[in-house]
Amino acid sequence: MIRTNVIRLYPTRAQEAQLNNTAGACRFAWNKALSYWDEQYEAHLKDKSIPLPISSKVASWYKDNREEWASETSSVCQRQEILHLGKAFGNYSKRPDHFAHPKFHKKGIKDSFEVPNDKAKIKDGRVMLPKIGEVKMAEPLRYQGKICSYTVKKSGGNWYVHIPVETGKDERVRCANPESVVGIDVGLLNPAVASDGTKLELPKETLDKLDAKLRRQQKALSRSQRNSRNHAKLLVKKQRTQNKINNIRKDAVHKFTTAIAKSHGTAVIEDLDIKEMKDKAPSRAVRRAHNSSLMGAIRWQLSYKVQHLIKVNRYFPSSKTCSNCGHIRSDLTVGERTYHCDNCGAIIDRDLNAAINLMKSGLVKPDASVEQVGIDLR
């Protein structure tokens, strides 16, 4: 199991300047290597005797052709960028329908760099980074184990270090009732509804205010002059607001998935293709909703928290099937939020009905304890 520690850094002014320089040098290395890679690839298409570019040779070429100022920062970080570029090109060449062609990086957008695990270390609450020194960390590592790498990122004017570690032990949440099975229906209107009645509740009023604030900041940022001090200040403000929104949403998902993992040993979800759903969305508003949906985060967290995770075929009619009698309503529309069964007369919330059907499809034992709530039989 690999768990990632995300810890804020408190650098001195000199260290912060060197962090910015290192991120800038890595961005420069990526962009220069990307231009060279494209040239070599085009040359290979015209003349097959010219070999395809590979990351190790491109890294050697960059080392011989980099600017003099780039040597003031760590060369291993710049090499890591080129290795990541090679991986991005490899994914694109294998699956161009799924992965996009690597793009040039822009200043101020996702400034970051990676340090291999043998080039950095942690000592006395500080992380030692090459050519930067010992930078103070806000807290010690939460997860202990073999460190895989160190990724330093800038967000909202603050610096963070991401340290993934191999824990070497089972990190799943301890379950009070391992025989219990629960179905979970995820969507856009309601992020997640479980068959036991548990819902993922988001603070809508708070998020609406933050979304409105984010739109105002985005509008002001787009009207400001690029590469100006005002533009940089507005960018930091916008990033901080976005971080608040992301943290609120992450907190809600973690609380929901942890509650599920503590109460049920097996979770059943639909094996949805989120990218395909987004591409086939009927309108721009629906596509925007897919971008901010929590379906992927819920599925990922359940995969390492619950004892067992069952994925049901995405074409399983969980919403159209009556959870009481099994009757299928082929005429059910997307706008109907309450399921009315024409066969037995059951009336139940649409999402809860789908969750119960998922739960039944994944039952391991017939006596599994799962509470069904909210069914009104008439």
List the equivalent ellipsoid semi-axes of region 9-104 in whole Å, largest first, each obtained as the square root of 5λ for an eigenvalue λ of the Cα gyration tensor. 29, 16, 9
Selected from Gln239, Gln225, Gln15 as most flexible by GNM, with the chain as the system and alpha-carbon contacts under 10 Å: Gln225
May I ask you to work out the translational diffusion coefficient for region 54-135 at 37 °C, viscosity 0.692 mPa s, via Stokes-Einstein with Rh from the Kirkwood sum over Cα pairs, reported in whole µm²/s? 223
For the chain, just the Cα atoms, rotate onto the principal axes and tell me the three extents in Å, largest first. 79, 55, 44
Looks like region 145-260, by Cα gyration tensor root eigenvalues a ≥ b ≥ c and the a/c under 1.5 rounded cutoff (else prolate when a/b is bigger than b/c, oblate otherwise), is oblate
Pull out a ≥ b ≥ c, the square roots of the eigenvalues of the alpha-carbon gyration tensor of region 103-200, then state rounded if a/c is under 1.5, prolate if not and a/b is larger than b/c, and oblate in the remaining case. oblate
Return the subset of Lys121/Lys154; Lys94/Lys255; Lys169/Lys360; Lys219/Lys244 for which the Cα-Cα distance in this structure is over 26 Å, preserving the input order. Lys94/Lys255; Lys169/Lys360
Please list the radius of gyration and Dmax for region 289-357, considering alpha-carbon atoms only, with Å as the unit. 14.2, 39
Springs between alpha-carbon atoms under 10 Å, Gaussian network over the chain: tell me which of Lys237, Lys213, Lys94 tops the mean-square fluctuations. Lys94
Among beta bridges that DSSP assigns inside region 210-356, antiparallel share in %, nearest 5: 45
What length, rounded to one decimal in nm, is gained on full extension from Arg3 through to Ile54, with 0.36 nm per residue of separation minus their alpha-carbon distance? 15.3 nm
Can you give me the C-alpha center-to-center distance between region 164-226 and region 6-47, rounded to a whole angstrom? 32
Magnitude of the Cβ-charge dipole (Lys and Arg +1, Asp and Glu -1) of the chain about the Cα centre, nearest 20 debye, reported as 1600
Output ³J(HN,Hα) for region 164-181: one whole-Hz value per residue in order, computed from phi by the Karplus curve 6.51 cos²θ - 1.76 cosθ + 1.60 with θ = phi - 60°, and x for Gly and Pro. x, 10, 8, 6, x, 8, 6, 9, 5, 5, 5, 9, 7, 9, x, 7, 7, 10
Please list, by residue number, everything in region 257-272 whose backbone N is under 18 Å from a paramagnetic label point 7 Å out along Cα→Cβ of Leu332. 268-272
Modelling each spin label as a point 7 Å along the Cα-to-Cβ direction, I'd like the Thr167/Arg216 distance in nm, to one decimal. 4.1
For Tyr150, the residues 5 or more places away or on another chain with a placed amide H closer than 5 Å to its own amide H are Val115, Asn117
Of all accessible surface on region 171-301 at a 1.4 Å probe, what whole percent is carbon and sulfur? 49
Proximal charge balance of Lys280 [Cβ under 12 Å; K/R count +1, D/E count -1]: 0
Select from Ala212, Ser224, Ala194 the residue farthest towards the positive end of the dipole of region 187-257; place +1 on Cβ of Lys and Arg, -1 on Cβ of Asp and Glu, and compute about the Cα centre. Ser224
Going by a 4.7 Å Cβ-Cβ cut-off, which cysteines of the chain have no partner at all? Cys26, Cys77, Cys148, Cys175
Accessible area of Met277, 1.4 Å probe, to the nearest 10 Å²? 70
Extension gain Phe104-Lys255, at 0.36 nm per residue separation less the Cα-Cα distance, in nm? 50.6 nm
Heavy-atom accessible area per residue of the chain, all protein chains kept, 1.4 Å probe, expressed in Å², is 58
Chain lengthening between Tyr10 and Arg314 when straightened (0.36 nm per residue, less Cα-Cα): 104.8 nm
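The values are calculated or read from the model by the stated rules, or taken from the named source; none is laboratory data. Since the model is a prediction, treat every value here as computed from it, not as a measurement. Virtual Cβ from ideal backbone geometry, glycine too; neighbours counted across all protein chains shown. When the accessible area is computed, the model is the full protein with side chains, heavy atoms only, and any ligands, DNA or RNA have been set aside. Shrake-Rupley method; radii C 1.70, N 1.55, O 1.52, S 1.80 Å.
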